[in-house]
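Since the structure comes first, as structure tokens, the remarks are kept for the end.
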Amino acid sequence: MEELNQHIESDEISLKELILKGKEIWRFLLRKWVIIVLAAFIGASIGVAKAWLTKPQYIAKLTFSVENEKGNPLGAYSGLASMAGIDLGASGGSMFSSDNIMSIMTSRKMIVNTLLSPIIVGNSKITLIDYWLSFNHINDKWAEKPKLAGLKFPLNLKPDSLTRQQDSLLTNIQSSLIKTVLSISKPDKKLSLIEATCTSTNEIFSKFFLETLNNQVTDFYIGIKTKRQKDNVNILQSRADSLYRVLSYSMYSSATMADQNINMAKQIAGVDRQKKQIDLQVASTAYGEVIKNLEVAKITLQKETPLIQVIDQPVFPLLKEKASRLKGLLIGGFLAGFLMVGFLLGQQYYREMMKD
């Protein structure tokens with residue numbers, strides 16, 4: 001019992017000491033209120049100045065969905081199965097699933113092709129990368145470097161014809177854009193919707209970069225998915241054109257021979273004409289079959305061609321984000337005041353330790 005009373009008394013003493021210590025700290029801070037208020041004022045001024053000088057950010061958003069008729073054969077039942085907790089498997093393993101499309105959009109190939117694409121600004125036509133360099137003033141920063149100063153990317157420049165300096169610059173810019181400018185996400189994992197966002201200090205760049213990137217990915221996606229079917233159509237079209245020329249020649253040859261042998265006295269004179277007619281029939285039959293296969297191939301190509309459907313695209317004026325001066329004032333003042341309080345308390349504690 002005595003031990004319990006001693007423990008309670010020691011706790012009461014500790015609480016009293018804590019209260020007294022708190023009062024002592026409060027009196028100390030009241031004596032230093034001028035310094036604390038001055039620090040908070042300086043921090044608030046810095047916060048307001050930073051918010052004032054920070055350039056506004058223009059946000060371009062583009063939402064699209066990837067559709068393909070050749071999808072999951074169990075797609076009609078996947079919704080019911082998911083409600084029962086059963087996964088029937090989707091087209092996630094495809095090279096061009098939604099997740100892979102997101103990775104393709106941030107690949108170096110797509111972004112470099114986008115930056116080398118031409119855009120029209122005012123009355124001039126320049127590459128997107130040259131426009132980006134113009135408002136970022138990178139060439140001004142690299143004026144001391146002869147190899148990089150004034151580096152340009154002319155129109156119709158191909159990625160495989162880049163110089164070492166151009167290639168290095170594009171690689172650095174591509175990495176920077178992925179980290180600070182471009183954002184790819186899926187708002188809802190259950191849906192195939194993909195949302196791409198471009199945030200930069202230039203409204204024109206944000207819009208054109210996002211739209212051009214989407215066009216590049218769409219062309220690449222459709223080109224890869226339909227390459228085999230396009231090759232089949234081109235081969236059949238070439239054969240159809242060739243057989244059409246043969247058929248036309250055979251028709252003219254048969255008609256010419258018939259005109260030359262209107263009054264045939266001997267049967268042997270009609271042999272050549274019969275051969276031409278046989279060639280005409282063979283060419284006509286072959287041409288009909290090729291045309292039939294060509295139409296089937298075109299229908300197959302149409303069915304196999306995937307669709308990237310743009311749902312929402314960026315339009316002027318873009319969403320504009322500007323740093324709030326009030327927010328800068330509050331955050332800067334609070335942070336500076338808090339740091340000053342910590343500094344003063346630490347300084348006082350150090351002095352007491354040195355006295356002891």
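A search for C-beta distances below 9 Å between a residue of region 326-351 that is free of Cβ contacts under 8 Å to residues at least 24 places away in the same chain and any residue that is among the hydrophobic types (A, V, I, L, M, F, W, C), counting only pairs 6+ apart in sequence or on different chains, returns LEU326/VAL48; LEU326/ALA51; PHE338/ALA40; PHE343/ALA39. Considering LEU80, LEU88, the condition of being in a helix (DSSP H, G or I), in the same structural domain as PHE209 (by TED's automatic domain parsing), modelled with pLDDT under 75 and within 38 Å of the chain's Cα centre (by Cα) is satisfied by LEU80 alone. In region 275-290, the residues that are within 12 Å of ARG239 (Cβ to Cβ) form Cβ pairs under 6 Å with partners that are of a type in the set (Lys, Arg), at six or more places apart or across chains, as follows: VAL290/ARG239. Of the residues making up region 304-343, those that are surrounded by fewer than 12 Cβ atoms within 10 Å (Cβ to Cβ) and in a helix (DSSP H, G or I) are LEU326, GLY342. A search for C-beta distances below 8 Å between a residue of region 103-117 that is assigned to a helix (DSSP H, G or I) and any residue that is surrounded by fewer than 16 Cβ atoms within 10 Å (Cβ to Cβ), counting only pairs 6+ apart in sequence or on different chains, returns ARG108/THR171; LYS109/PRO159; VAL112/PRO159; ASN113/PRO159. May I ask you to verify whether LEU243 is at pLDDT 85 or above, among the aliphatic types (A, V, I, L, M) and surrounded by 14 or more Cβ atoms within 10 Å (Cβ to Cβ)? No. The numbered conditions (1) within 12 Å of ILE59 (Cβ to Cβ); (2) in contact (Cβ under 8 Å) with a residue 40 or more places away in the chain are all true for ILE194 except (1).
One residue stands out in region 299-325 among those that are among the charged types (D, E, K, R) and more than 16 Å from LYS61 (Cβ to Cβ): the one that is modelled with the highest pLDDT, namely LYS322.
The values are calculated or read from the model by the stated rules, or taken from the named source; none is laboratory data. On a predicted model such as this, the values are computed, not experimentally measured, just so you know. Every residue, glycine among them, receives a Cβ derived from its backbone with ideal geometry; neighbour counts consider all protein chains shown.
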